Amino acid sequence: MAKKSLIQREHKRKKLEEKYRLIRQSLKKKSKDPSLSQRKIREIQRKLQSLPRNSAPTRLHRRCLVTGRPRANYRDFGLSGHILRQMVHACLLPGATKSSW
């Protein structure tokens, strides 16, 4: 089980990312306008840089819904590989079968 502080930090980052998403998107869209001068583009980039670091979507991390593990997560299930394997063996995931050859 992941530490509670790490899980809370991820929740905080997710809230910040949602809060600043529209601002970040509009600034990025403005900065790609080819008719702007270099000075205006630099001003827009400064505004982007002034946003909180944790509001960037690249700082978000997928975590296992059961254990909070940050690595080896399957997007389709939202679970880490270890938990996914246990749940498939226990027939708790409908439609998922253990492969055999």
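Data for the structure
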| item | result |
| --- | --- |
| Residue count, segment 1-49 (criterion: over 30 Å from Arg71 (Cα atoms) and of a type in the set (Gly, Ala, Ser)) | 4 |
| Residue in segment 68-75 that is of a type outside the set (A, V, I, L, M), in contact (Cβ under 8 Å) with a residue 60 or more places away in the chain and open to solvent by less than 100 Å² (accessible area, probe 1.4 Å) present | yes |
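The values are calculated or read from the model by the stated rules, or taken from the named source; none is laboratory data. It should be emphasised that the depicted structure is a prediction, and the values quoted were computed from it without experimental measurement. Note: ideal-geometry Cβ built from the backbone for every residue, glycine included; neighbour counts use all protein chains shown. Accessible surface areas use protein heavy atoms only, side chains included; no ligands, DNA or RNA. Shrake-Rupley method; radii C 1.70, N 1.55, O 1.52, S 1.80 Å.
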